[in-house]
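S.K.: Just dropping this structure here.
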Number of protein chains: 4
Amino acid sequence: MNKKRYGVLGGDLRSIKLAELIEEEGNHVNIYGFDNVGIDINFKEIKSIDEFIENSDIIVGPLPCSYDKETFNAPYHSGKIYIKEILKKIKDKQLFIAGKLGDEIVKFASLNNLRFFDLLEREEMTVLNAIPTAEGAIQIAMEEMPVTIHGSKAFVLGFGRVGETLAKMLNGIGAKTYVAARKHSDFAWIKSYGYSAVPINELGEHIKDADVIFNTIPHLILGKDILKRVRKDCLIIDLASKPGGVDFEKAEEYNIKTKWALSLPGKVAPLTAAGILKDTINNIVKEQEGLK
Amino acid sequence: MNKKRYGVLGGDLRSIKLAELIEEEGNHVNIYGFDNVGIDINFKEIKSIDEFIENSDIIVGPLPCSYDKETFNAPYHSGKIYIKEILKKIKDKQLFIAGKLGDEIVKFASLNNLRFFDLLEREEMTVLNAIPTAEGAIQIAMEEMPVTIHGSKAFVLGFGRVGETLAKMLNGIGAKTYVAARKHSDFAWIKSYGYSAVPINELGEHIKDADVIFNTIPHLILGKDILKRVRKDCLIIDLASKPGGVDFEKAEEYNIKTKWALSLPGKVAPLTAAGILKDTINNIVKEQEGLK
Amino acid sequence: MNKKRYGVLGGDLRSIKLAELIEEEGNHVNIYGFDNVGIDINFKEIKSIDEFIENSDIIVGPLPCSYDKETFNAPYHSGKIYIKEILKKIKDKQLFIAGKLGDEIVKFASLNNLRFFDLLEREEMTVLNAIPTAEGAIQIAMEEMPVTIHGSKAFVLGFGRVGETLAKMLNGIGAKTYVAARKHSDFAWIKSYGYSAVPINELGEHIKDADVIFNTIPHLILGKDILKRVRKDCLIIDLASKPGGVDFEKAEEYNIKTKWALSLPGKVAPLTAAGILKDTINNIVKEQEGLK
Amino acid sequence: MNKKRYGVLGGDLRSIKLAELIEEEGNHVNIYGFDNVGIDINFKEIKSIDEFIENSDIIVGPLPCSYDKETFNAPYHSGKIYIKEILKKIKDKQLFIAGKLGDEIVKFASLNNLRFFDLLEREEMTVLNAIPTAEGAIQIAMEEMPVTIHGSKAFVLGFGRVGETLAKMLNGIGAKTYVAARKHSDFAWIKSYGYSAVPINELGEHIKDADVIFNTIPHLILGKDILKRVRKDCLIIDLASKPGGVDFEKAEEYNIKTKWALSLPGKVAPLTAAGILKDTINNIVKEQEGLK
């Protein structure tokens, strides 16, 4: 791949790590939005936003792009960076890549004919992110359980990317792995990979066997009725984004230990997480080059 | 599941095996279309097609349903069984299930308000069929290669259901497993499962490493240019349906051993294959019961 | 197995947990040596040592049995319990089981015709203990590394019980697993299981690839010369008992992060560890019954 | 390793293959004992045995060395080659390597101060040979069973080298793997690797579950009483050398299909088998060089 000029704009420490990885591959990297980062970093921030944009072939925004739909998510910047102002300055020969753009930014970027890309829409990134998510979940289980995962009965609720990756790793460590799913084709894959399949509507009948439950389904799946049947010495780890899949209040009432673990990749394996971002950005850039 | 009356209509020995499995689960089974089967079977064929249909809640046709779009695929029947004639007799409280119906039969069945189902459209069946397909392919490789699969470099072309299942099994036996694919998300899964990913457009650069190649891609992928680089002692097994993915003439010219292996499930594991049919039919029947 | 009367004598909280597990299997359990345990436990301690011994078919001492060769290892007892005094009271129809007896205790027990058993001499216990040891080591690696174990290059030094178990689990999570060993037969097994074999005398040439190193060899293996070649971002986890296999001072000088992790089973999975003790004790008891 | 002069003396086609592999590594290779081989081979046989021995640093005899304790096992030679005559001509700077020497040859070689080595005594060779043995056994199972190995209940009797290797591969393909063994430490490993352990003396109670049984124990283990409980549709593959572990007559009487599969490596993977010989010979040669 030809060397490029990247501009990393805002974001947290993962963005700094990303900037380093991009530079290690021989690219030129500018940063903007870190005037207040407080630790030594290897980059000198460009003070002028215009100069920053002008000197970047690819502008990499934060992940998520914004919390208020108006300004970039730039926790290490002293001021506010208004999204629309920046987007207006980006030319159509440049690429704008960030995470979780949201309808409003997408609409504005489209109207301005930007070549923009949402990292969270990239299938390969969600697949790869499932790896540190699964490993982080297993780390929590190891820390919290008085028994080994090896030999334990581990229930994985949901067979999406995280569920599938988690099931594979649990099995690899030696857990007796049960996967709860809804679709016949999921059952077929679960059988093919050698796990025990549990129809989600029969979860209540089997859940008492669980030593640890990993939920990946993003709606209430462990409600009162099922929690009642969970053993008191079972650990529940919820990996589902808000509102989560566990009635945490009821679980507490029933004295069941729960952990709600979100955004694991950046927490448990920040370097791997940054590497996944970099690879995905590389894929986007290569595809765009291929179009020319 | 409530016991039912099944009518198995036409098909080959796998259909007989299927009839046995359905009966073993406590259902009543009629058969029709086997007056010339030539071996002892446990079923007495109903002579009247009207009686046969009348006494069946579920009519299970052959797989594939027809080779000529007009008559049922019934190699063990002395006469012809015309599809449309039969379909006209089926009532809307009955189910009609067969494999690979084709546009014409689908159209006719729709116009007649039949409740009909194509087994080959069932995702769970294709996933489960990948298991005997993969095992059959491995059996052929074991028979034909002078070295063990363990330690060999095995290339799997394509990462669909068969490719994924095959890669898992090869890895499980101890092959060094390479998977050639095209999509970034496939590369992500290949990496996640620990195989080596090869972009399909770079296949030519890596193929000389292969001790055995399993193709699952149903169009010409191993043409002249790539075959030139395949080692003479490499075995190629093509699992892709017609027209296949290998230029067999060129391969012969280059003295490379090839095997075109189709319809493996019924050949290498007929009982497993019949069991998959039965499970899929059970799923359809349960779903239809659930709708009521 | 017939129900028995067990006497658990001294030891730490793992011994209490062990007492509970033995009782859960329907046996009668006495304890002695916990008058100062400080937490609520389900057992009432027998005050008289004579009564305690008289009422026990099997006396289970601590693990290790003693730190001073004279008194039992009984950290939760207010007084001292002299080993020889106790052993003299044990009859030949009783069994005495403890861990790491040492030459002196063995000699005394032999002279007194005791039926005694050292848990640490039981092969099955060391094999099973390798499981929580390996899992604990992996937990530490997950906690300390900024990357996932999946995809990392993990070096396991030594292919004994812990090395073999660790290699299997690392591979199961998706690490690229290298095992350093000395014997040709070990290389054969390493190859058979699909890991990469590194002759221990060539370790220096390969060690720079390592993202994490797990040492299981109980003598200095990672000395100055090899440490020099270890990458600064590599983590070293030493699982070898004293004196360990790492020159920790040199490692610190070279700025390499090290962890010396001993007695992992009791720390990371106390319930599993107690279960392993129980199973091993059960095996001994069954074997002794079989002899009669 | 320095290049050497090898002399391959007698043996079957595997010895020819071995000669080729040794030559491919850059060594000089002479052969003797193939004047009647009947196929084109790349080597010109030295006609004079004295010249043959004189020009060989390492003399590689057949495997097994002899069937009559007197002459070499040389099926492709027109005359007889007397072992003692040859051994007398070998000098002490030369190495003599063959398989299964037997007491008499060992005694004679010792008296003559030969540096001789029995391949079958090499642990690494038996470990590596377990790989083609296991794969060959699986191939037979695939060919003979009407169901897939995936999902089948496979019983492995014995947990030696072949048993362990076979269990791993069966598990890797997706079989439900049961291992019957006798020792507590074997049970520990079986549990550690995630298979189901069956105490050999309880085999009768579990054997009815088996879809396929692989025996590796070289004495009668599947006698009348256990065979009675084996299902009629179960396949038995005996891998144990004579007298084998199955009462074949009883099995036939009970209509149970059996296969006695011996010497699989050379049959199912001759090239792998020759490679294992070569690697083992290399190890011996390297060790001897190291001694100087």
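Every read-out reported here was derived from the displayed coordinates using simple, explicitly stated rules and does not represent laboratory data. Just so it is clear, the structure is predicted and the values come from calculations on it, not from any experiment. Note that each Cβ is placed from the backbone with ideal geometry, even for glycine, and that neighbours are counted across all protein chains shown.
S.K.: Once both axes come from the Cα atoms, what is the angle between helix B:270-291 and the longest principal axis of chain B, in degrees from 0 to 90, rounded to 10?
M.R.: The helix B:270-291 is inclined about 60 degrees to chain B.
S.K.: So what is the calculated 222 nm ellipticity per residue for chain C, using -39500 (n - 2.57) for each DSSP H run with n of 4 or more, over all residues, to the nearest 500 deg cm²/dmol? Walk me through the intermediate numbers first.
M.R.: Values: 12 runs with 120 residues, N = 292.
So the helix-based figure for chain C works out to -12000 deg cm²/dmol.
S.K.: If you take every DSSP beta bridge whose two residues both sit in chain B, what share of them, in percent to the nearest 5, is antiparallel? Don't skip to the answer; put the middle values down first.
M.R.: Details: 1 of 38 bridges.
Approximately 5 percent, going by the DSSP bridge assignments.
S.K.: Between D:SER110 and C:LEU291, how high is the FRET efficiency from 1/(1 + (r/R0)^6) when r is the Cβ-Cβ distance and R₀ = 51 Å? Nearest 0.05. Mind showing how you got there, number by number?
M.R.: Numbers: r = 42 Å, r/R0 = 0.82.
For D:SER110 and C:LEU291, the calculated efficiency is 0.75.
S.K.: Which of A:THR133, A:THR148, A:THR165 moves the most in a Gaussian network model of chain A with Cα springs under 10 Å?
M.R.: Largest GNM mean-square fluctuation: A:THR148.
S.K.: Could I ask something else about it? Name the residues whose placed amide hydrogens come within less than 5 Å of the amide hydrogen of B:TRP260, ignoring near sequence neighbours (fewer than 5 apart) on the same chain.
M.R.: B:ASP238
S.K.: A follow-up question, please. Out of all DSSP beta bridges with both ends in segment C:54-209, state the antiparallel percent to the nearest 5.
M.R.: On the way: 1 of 17 bridges.
Just about 5 percent of them are antiparallel.
S.K.: For A:ASP40, B:ASP92, B:ASP279, what's the fewest-to-most ordering of other Cβ within 10 Å of each Cβ?
M.R.: Ordered by Cβ neighbours within 10 Å, fewest first: A:ASP40, B:ASP92, B:ASP279.
S.K.: OK, next. Skipping prolines and chain starts, which residues have an amide H placed within reach, meaning under 5 Å, of the one on C:ILE31, given they are 5 or more residues away or on another chain?
M.R.: For C:ILE31, whose amide H was placed from the backbone, the distant partners under 5 Å are C:VAL8, C:ILE46.
S.K.: Something else: Take every residue in peptide A:261-270, count the Cβ atoms of other chains within 10 Å of its Cβ, and give the average of those counts.
M.R.: Details: counts 0, 0, 0, 0, 1, 0, 0, 6, 9, 2.
Mean inter-chain Cβ contacts per residue within 10 Å come to 2.
S.K.: Under 19 Å from a label point 7 Å along Cα→Cβ of B:LYS84: give me every residue in segment B:94-129 with its amide N that close.
M.R.: B:101-116
S.K.: May I pose another question? Under a crude label model (7 Å from the Cα following the beta-carbon direction), how far is C:GLU202 from D:GLU143 in nanometres?
M.R.: Those two pseudo-labels are separated by 3.7 nm.
S.K.: To the nearest 0.05, how large is the calculated FRET efficiency for B:HIS28 and B:LYS259 if R₀ is 56 Å and r is the Cβ-Cβ distance?
M.R.: Rounded to the nearest 0.05, the efficiency is 0.85.
S.K.: FRET efficiency for B:ASP68 and D:LYS93, Cβ-Cβ distance as r, R0 = 60 Å, nearest 0.05?
M.R.: Values: r = 79 Å, r/R0 = 1.32.
Efficiency, rounded to the nearest 0.05: 0.15.
S.K.: Return the single residue from A:VAL29, A:VAL179, A:VAL37 with maximal mean-square fluctuation; model: Gaussian network over chain A, springs between Cα atoms under 10 Å.
M.R.: A:VAL37
S.K.: Running a GNM on chain B with Cα contacts under 10 Å, which residue among B:PRO64, B:PRO270, B:PRO243 ends up with the highest mean-square fluctuation?
M.R.: B:PRO243
S.K.: Separate question: Take every DSSP beta bridge with both residues inside the protein assembly as shown and express the antiparallel ones as a percent of the total, to the nearest 5.
M.R.: Once the DSSP bridges in the protein assembly as shown are tallied, antiparallel ones form about 5 percent.
S.K.: I would also like to ask the following. Segment A:1-70 to segment A:177-214: how many Å between their Cα centroids?
M.R.: Taking the Cα centre of each part, segment A:1-70 and segment A:177-214 sit 43 Å apart.
S.K.: What ranking of D:LEU277, D:LEU291 emerges when the number of other C-beta atoms within 10 Å of each C-beta is taken as an exposure proxy, fewest first?
M.R.: On the way: D:LEU277 28, D:LEU291 7.
With the fewest neighbours first, D:LEU277, D:LEU291 line up as D:LEU291, D:LEU277.
S.K.: Once you place label points 7 Å from the Cα toward the Cβ at C:LYS183 and C:ASN55, how far apart are they in nm?
M.R.: Inter-label distance under the simple model: 4.8 nm.
S.K.: May I pose another question? Quick one: angle between helix B:123-144 and the longest Cα principal axis of chain B, in degrees between 0 and 90, rounded to 10, please.
M.R.: 50
S.K.: So what's the angle, to the nearest 10 degrees on a 0 to 90 scale, between helix A:13-24 and the longest Cα principal axis of chain A?
M.R.: Orientation of helix A:13-24: about 60 degrees from the principal axis.
S.K.: Something else now. In chain B, with Lys and Arg counted as +1 and Asp and Glu as -1 at Cβ, which of these residues, B:GLY244, B:ALA181, B:TYR254, has the Cα nearest the positive end of the dipole, that is, farthest along it?
M.R.: B:ALA181
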